[in-house]
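Here is the structure we will look at, set down as structure tokens.
The values are calculated or read from the model by the stated rules, or taken from the named source; none is laboratory data. Keep in mind it's a predicted model, so treat the numbers as computed, not measured. Cβ coordinates were reconstructed from backbone atoms using ideal geometry, including for glycine residues, and neighbour counts include every protein chain displayed.
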Amino acid sequence: MFIIGELLNCTRKRVGAAAQNRDAEYIKEISHNQVNAGANVLDVNGGIPGQEVECLSWLVNVVQEALEIPLCLDSADVVALKSALPLCKQRPMINSITDELARYQAVLPLLKEYHAKVIALCMGAAGPPTGVEDRVATACRLVDGLTGEGIALDDIYVDLCVLPASTGSEHGKALLEAIGQVRGRYPGVHISAGVSNVSYGLPERKLLNEVFLLLLMARGLDAAIVDPCDRQLMLNIKAAEALLGRDEYCVEYIRAYREGKLGLPAA
């Protein structure tokens with residue numbers, strides 16, 4: 001599982017305050033915690049109204065002072081992306097390109113210039129999809145369009161839009177079905193999700209996130225924007241990979257057990 005750490009997001013009150021106050025030590029602490037917990041990439045969101053261009057670039061510089069890890073630049077502001085991308089010391093990821101014409105045309109040149117990986121969010125001019133058919137149709141347009149422009153299938157992470165279960169009982173089921181269909185049509189593409197969106201407005205959010213992630217993995221999810229510091233979620237991923245045949249002979253699961261990462265080490 002490709003883990004994109006979600007915690008460096010300025011819409012979180014404490015992170016936003018740290019960014020506004022230029023509290024580099026707090027940002028570095030969050031970054032280190034996520035990497036130590038197993039993140040492969042850190043999502044960086046500088047979404048403070050009126051400050052996003054400066055904030056995103058500052059966050060990128062601070063994280064890279066502390067760690068050598070790829071960054072996923074998470075912004076709907078193309079100017080902010082253009083300012084921050086040249087600062088990335090490793091191959092970046094962009095979150096996201098959508099099926100909205102203006103957004104698509106603005107982000108595509110950046111993908112080519114920086115050879116970036118990309119989250120292809122299945123969002124169109126009409127807003128987020130709600131059913132299976134609109135999700136799959138949007139995904140197909142994005143994947144076909146991007147590959148037609150020379151973007152490698154292996155660099156595309158299709159996000160079929162996680163919507164809160166609290167706003168529609170059909171949302172979770174529709175997403176699961178759509179993932180299965182897209183996986184069947186494009187075996188080489190990656191499927192990603194911002195998992196925690198599913199629990200918005202509900203109690204015991206971690207429980208819902210953890211269970212939903214396992215359901216998504218069973219349908220073909222291989223990348224996720226999650227909190228890697230949620231230990232139970234990360235343990236669940238390790239176990240699911242062993243059970244779904246993604247960990248040959250359960251080698252990684254056994255190694256984690258012997259290293260005491262699943263609980264107490266073997267006697």
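Yes/no per residue for (1) over 23 Å from ALA125 (Cβ atoms); (2) touching a residue at least 60 places away in the same chain (Cβ under 8 Å); (3) in contact with a Gly (Cβ under 8 Å, 6 or more places away or on another chain):
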{"position": "ASP43", "(1), (2), (3)": "yes, yes, yes"}
{"position": "ILE48", "(1), (2), (3)": "yes, no, yes"}
{"position": "GLN51", "(1), (2), (3)": "yes, no, no"}
{"position": "GLU65", "(1), (2), (3)": "yes, no, no"}
{"position": "SER75", "(1), (2), (3)": "no, no, yes"}
{"position": "LEU81", "(1), (2), (3)": "no, no, no"}
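Annotation: of all residues in region 156-181 being surrounded by fewer than 22 Cβ atoms within 10 Å (Cβ to Cβ) and aliphatic (A, V, I, L, M), the one that is nearest to MET217 (Cα to Cα) is LEU176. Please work out if VAL162 is touching a strand residue (DSSP E or B) at 6+ places or on another chain (Cβ under 7 Å) and part of a loop (DSSP other than H, G, I, E, B). Here the answer is yes, as VAL162 does meet what is asked. Number of residues in region 85-105 that are in contact with an Asp or Glu (Cβ under 9 Å, 6 or more places away or on another chain) and part of a helix (DSSP H, G or I) equals 1. Scanning region 115-161 for residues that are among the polar types (S, T, N, Q) and under 18 Å from ASN197 (Cα atoms) returns a single hit, THR130. Of all residues in region 181-197, those satisfying the criterion of being without any contact (Cβ under 8 Å) to a residue 60 or more places away in the chain and assigned to a helix (DSSP H, G or I) are GLN181, VAL182, ARG183, GLY184, ARG185, VAL195, ASN197.
Number of residues in region 224-239 that are over 19 Å from SER31 (Cα atoms) and touching a residue at least 40 places away in the same chain (Cβ under 8 Å) equals 1. Select from region 182-199 the residues that are touching a Pro at 6+ places or on another chain (Cβ under 9 Å) and not aliphatic (A, V, I, L, M) and write down the one among them that is surrounded by the most Cβ atoms within 10 Å (Cβ to Cβ). Among those residues, the one meeting the criterion is SER199. Report, by residue number, each residue of region 198-255 that is in contact with a strand residue (DSSP E or B) (Cβ under 8 Å, 6 or more places away or on another chain) and in a loop (DSSP other than H, G, I, E, B). GLY220, LEU221, ASP222, ASP227, PRO228, CYS229, listed by residue number. For region 106-128, enumerate the residues that are in a strand (DSSP E or B) and either within 16 Å of GLY148 (Cα to Cα) or free of Cβ contacts under 8 Å to residues at least 12 places away in the same chain (or both). Answer for region 106-128, where residues must be in a strand (DSSP E or B) and either within 16 Å of GLY148 (Cα to Cα) or free of Cβ contacts under 8 Å to residues at least 12 places away in the same chain (or both): LYS117, VAL118, ALA120, GLY127. Candidates LEU214, LEU207: the one that is without any contact (Cβ under 8 Å) to a residue 60 or more places away in the chain, more than 21 Å from ASP74 (Cβ to Cβ) and within 17 Å of the chain's Cα centre (by Cα) is LEU214. Residues that are buried (at least 17 other Cβ atoms within 10 Å of the Cβ) and outside any helix (DSSP H, G or I) were ranked within region 3-30; the one that is farthest from the chain's Cα centre (by Cα) is CYS10. Residues in region 211-267 that are among the small types (Gly, Ala, Ser) and surrounded by 15 or more Cβ atoms within 10 Å (Cβ to Cβ) were compared, and the one that is nearest to GLY180 (Cα to Cα) is GLY220. Residues of region 48-79 being among the small types (Gly, Ala, Ser), part of a helix (DSSP H, G or I) and over 19 Å from ALA24 (Cα atoms), which ones? None; the set is empty. The requirement of being closer than 18 Å to ILE4 by Cβ, assigned by TED's automatic domain parsing to the domain that holds ARG141 and among the charged types (D, E, K, R) is not satisfied by LYS112.
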